[in-house]
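We did not get these values from a lab; they are worked out from the coordinates using the rules stated. Quick caveat, the model's predicted, so the values are computed rather than measured. When we count neighbours, we look across all protein chains shown, and the Cβ atoms used for this are built from the backbone with ideal geometry, even at glycine.
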Amino acid sequence: MGKYYYPQGGLPPQTHLTTERAIVTEAYTVIPKGVMTDIVTSTLPGFSNTRSWILARPISGFATTFSQLIVEIGPGGGAPKAEFEPGVEGVVFVTKGKVNLTLDGELHQLEEGGYAYLAAGATWGLENVSDDIVSFQWIRKAYERLEGYEAKSFVTSDAEVEPTAMPDTNGAWKTTRFTDSSDLAHDMQVNIVTFQPGGVIPFPETHVMEHGLYVLEGKAMYLLNNDWVEVEAGDFMWLRAFCPQACYAGGPGEFRYLLYKDMNRQIKLT
Ligand SMILES: NC(=O)N[C@H](N)C(=O)O
């Protein structure tokens, strides 16, 4: 085990996996929670009392389709009147605390597990009216419109959507899909993937979809291209298109992650 730099001093966190070091390759990136310290935060325009960690963004030379952030809003903070880019869709998924979402004039309270799909062109704002920090994942993508289809905003939660068992897995590998995969109005999905202890992705999936993968719960060994990497709750992975991927969730508890994927559009050829 190597030595790690903790800017705040003191002892390293209790669970200390070998992936406490960030990994950046051409096929994938791992940003372990241990390196998301106070010194690498970004302030967000339009938000007050808020800080964020930008986990993924388009990088020249790679066809990255999305950006993904951890956002923390302190009590009284938020973006009540933020004007967001009209052509950009997003998903907000709350991982801790409570936040008020005003979406096209309607008020929703999102708690842990709360999920909002914010369609391109929607008017929305977020306010933390509680006494505690709220933390959420915010995924953004330029919406690729398809004639005759229009994705609509909606609010739901992890608890409200029944996960589907993957074929031949006895329920050891399930996916919670918040939109129908065949719905052409949607050019992306943000799903939750859940493994029971012992659950696996039994072959290296290799596909055109790019992924952002934020671990919500548990730990596992994840195959990223040629490397098996230990990951646990709070870690983030970016996988470029065609990066081979598989998983072994050894337990002791469930292993769950939020999974971004781009989909349902023709590849642009010039
Ligand atoms: N790494 C993953 O969980 N991939 C999913 N099976 C997916 O691409 O939907």
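With a 10 Å radius around each residue's Cβ, average the other Cβ atoms per peptide and rank 121-131, 198-208, highest first. If you can, show how the numbers build up before the last one.
Values: 121-131: 17.6, 198-208: 14.4.
Taking the mean over residues of other Cβ atoms within 10 Å, the ranking is 121-131, 198-208.
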> chymotrypsin sites (Phe, Trp or Tyr not before Pro) within segment 228-270: which are DSSP loop residues with at most 14 other Cβ atoms inside 10 Å?
Replying inline: Phe242
> For segment 134-139, what does the Karplus curve 6.51 cos²θ - 1.76 cosθ + 1.60, with θ = phi - 60°, yield as ³J(HN,Hα) per residue in whole Hz, taken in order and with x for Gly and Pro?
Replying inline: 10, 10, 8, 8, 10, 10
>> Can you compute the modelled spin-label distance between Arg177 and Ser60, with each label point 7 Å from Cα toward Cβ, in nm?
In response: 3.8 nm
> Out of Leu44, Leu259, Leu55, any idea which swings most in a Gaussian network model of the chain, alpha carbons joined below 10 Å?
Replying inline: Leu44
> Cα centroid distance between segment 232-270 and segment 37-77, in Å?
Replying inline: 19 Å
>> Just want the answer: with Cβ charges of +1 for Lys and Arg and -1 for Asp and Glu, which residue in Val99, Leu146, Thr50 is farthest toward the dipole's positive end in segment 23-262?
In response: Thr50
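Compare the peptides 261-268, 216-223 by average per-residue count of other Cβ atoms within 10 angstrom and give them in order, highest first. Working shown, then result.
Numbers: 261-268: 13.9, 216-223: 19.9.
Going from most to least packed, we get 216-223, 261-268.
Sort Glu210, Glu147, Glu112 so the one with the fewest other Cβ atoms within 10 Å of its own Cβ comes first.
Details: Glu210 22, Glu147 5, Glu112 16.
Lowest to highest Cβ neighbour count: Glu147, Glu112, Glu210.
In debye to the nearest 20, how big a dipole does segment 23-262 give about its Cα centre with +1 on each Lys and Arg Cβ and -1 on each Asp and Glu Cβ? Walk me through the intermediate numbers first.
Values: 16 positive and 32 negative charges, 78 e Å.
Rounded to the nearest 20 debye, it is 380 debye.
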>> If a paramagnetic tag sat 7 Å from the Cα of Val40 along the Cα-Cβ line, which residues of segment 225-240 would have the backbone N under 13 Å from that point?
In response: 235-238
> Projected onto the charge dipole of segment 23-262 (+1 at Lys/Arg Cβ, -1 at Asp/Glu Cβ, origin at the Cα centre), which of Pro80, Val208, Gly125 gives the Cα projection farthest towards the positive end?
Replying inline: Val208
>> Relative contact order for segment 23-262: what percent, with Cα pairs under 8 Å and sequence separation of 6 or more?
In response: 19 percent
>> Apply the a/c threshold of 1.5 to the C-alpha gyration tensor of the chain and tell me whether it is rounded, prolate or oblate.
In response: rounded
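Among the chymotrypsin sites (Phe, Trp or Tyr not before Pro) in segment 24-98, which ones are in a DSSP loop with at most 15 other Cβ atoms within 10 Å of the Cβ? Mind listing them? Write down the numbers at each step before the final one.
Numbers: sites: Tyr28, Phe47, Trp53, Phe62, Phe66, Phe84, Phe93; in loops: Phe47, Phe62, Phe84.
Those satisfying the criteria are Phe62.
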